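The values are calculated or read from the model by the stated rules, or taken from the named source; none is laboratory data. Quick caveat: nothing in here was measured; it's all calculated off a predicted structure. Cβ atoms come from the backbone with ideal geometry, glycine included; neighbour counts cover every protein chain shown. All accessible areas refer to the heavy atoms of the entire protein, side chains included, with ligands and DNA or RNA removed. Shrake-Rupley method; radii C 1.70, N 1.55, O 1.52, S 1.80 Å.
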Amino acid sequence: STAMNAFTVDNMPGALAPMGFFDPLGFAEKADEKTLKRYREAEVTHGRVAMLAAVGFLVGEAVEGSSFLFDAQITGPAITHFLQVPDGWDALIVGFIAAAETQRVQIGWVDPKDASYDQPGLLKDDYYPGDIGFDPLMIRPEDPEELDLMITKELQNGRLAMLAAAGFLAQ
């Protein structure tokens, strides 16, 4: 299997023993290739956000009250830190997020005016879910098998981070 082939349940990276391809509710078997790509795009994106969130919670708890940022005025549990950020910074953060999401959408999504009304969020045919071309450290493998392995590792770490972030938020 290679990451850039047609998207099917049989050749998607991300399945590991002993579970294999885990889809207990059967969403993937009912999905066509385009829908499966959207599911994978959502999984990769949510996994990346969750990895950042998990690291953010841990770092926020570790440096609480001792950071040079905001004169060390942000204190308490990490879940309350964002609410303590001075006025104006939240708009800057939201602006950065909006810019990043706009870039991702321009790279991966079909323009809505060119898509059918019954296919919202249609991904471009030549777009691989999660591949926005951002690789500043040049670590993306050229070998398709190694790329599948790296994609599987990212997916597994993202899945774990989603559970961790959910635990942090529920705590």
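Can you tell me how many residues within the range 5-33 are open to solvent by 80 Å² or more (accessible area, probe 1.4 Å), part of a helix (DSSP H, G or I) and out of contact with any Phe, Trp or Tyr (no Cβ under 6 Å at 6 or more places or on another chain)?
2
If you check every pair at least six apart or on different chains, which have Cβ atoms under 8 Å apart with a residue in the range 104-117 that is assigned to a helix (DSSP H, G or I) first and a residue that is among the aromatic types (Phe, Trp, Tyr) and surrounded by 10 or more Cβ atoms within 10 Å (Cβ to Cβ) second?
Close Cβ pairs (under 8 Å, with a partner that is among the aromatic types (Phe, Trp, Tyr) and surrounded by 10 or more Cβ atoms within 10 Å (Cβ to Cβ)) amount to Ile107/Tyr127; Gly108/Tyr127.
I need a count of the residues in the range 68-108 that are touching a helix residue (DSSP H, G or I) at 6+ places or on another chain (Cβ under 9 Å) and of a type in the set (S, T, N, Q).
Result for the range 68-108: 3.
When the range 34-54 is examined, which residues are found to be of a type outside the set (A, V, I, L, M, F, W, C), open to solvent by 40 Å² or more (accessible area, probe 1.4 Å) and modelled with pLDDT of 90 or more?
Arg38, Tyr39, Glu43, His46, Arg48
So is Phe57 exposed (fewer than 14 other Cβ atoms within 10 Å of the Cβ), within 29 Å of Ile151 (Cα to Cα) and in contact with a helix residue (DSSP H, G or I) (Cβ under 8 Å, 6 or more places away or on another chain) or not?
Against the criterion (exposed (fewer than 14 other Cβ atoms within 10 Å of the Cβ), within 29 Å of Ile151 (Cα to Cα) and in contact with a helix residue (DSSP H, G or I) (Cβ under 8 Å, 6 or more places away or on another chain)), Phe57 does not qualify.
Is it fair to say Gly76 is over 22 Å from Pro13 (Cβ atoms), open to solvent by less than 70 Å² (accessible area, probe 1.4 Å) and not in a loop (DSSP other than H, G, I, E, B)?
Judged against the criteria, Gly76 is not a match.
Just one of Phe68, Phe134 is closer than 20 Å to Gly47 by Cβ and open to solvent by 80 Å² or more (accessible area, probe 1.4 Å); which is it?
Within the list Phe68, Phe134, the selection yields Phe134.
Give the residues of the range 80-110 that are modelled with pLDDT of 90 or more and charged (D, E, K, R), sorted by residue number.
Matches in the range 80-110: Glu101, Arg104.
For (1) touching a Phe, Trp or Tyr at 6+ places or on another chain (Cβ under 8 Å); (2) loosely packed, with under 10 Cβ neighbours inside 10 Å, each residue gets a yes or a no:
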| residue | (1), (2) |
| --- | --- |
| Asp87 | no, yes |
| Ala91 | no, yes |
| Glu101 | no, no |
| Val105 | no, no |
| Gly108 | yes, no |
| Asp111 | no, no |
| Asp118 | no, yes |
| Gly121 | yes, no |
| Lys124 | yes, no |
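So Leu83 ticks every box in (1) over 16 Å from the mean Cα position of the chain (by Cα); (2) part of a loop (DSSP other than H, G, I, E, B); (3) free of Cβ contacts under 8 Å to residues at least 60 places away in the same chain but one. Which box is left unticked?
Leu83 satisfies all of (1) over 16 Å from the mean Cα position of the chain (by Cα); (2) part of a loop (DSSP other than H, G, I, E, B); (3) free of Cβ contacts under 8 Å to residues at least 60 places away in the same chain except (2).
When residues of the range 137-152 are filtered for being touching a residue at least 24 places away in the same chain (Cβ under 8 Å), of a type in the set (A, V, I, L, M, F, W, C) and surrounded by fewer than 17 Cβ atoms within 10 Å (Cβ to Cβ), how many remain?
Count: 1.
Return only the number of the condition from (1) within 30 Å of Ile74 (Cβ to Cβ); (2) open to solvent by less than 90 Å² (accessible area, probe 1.4 Å); (3) in a helix (DSSP H, G or I); (4) not β-branched (Val, Ile, Thr) that Leu155 does not satisfy.
Result: Leu155 passes all but (1).
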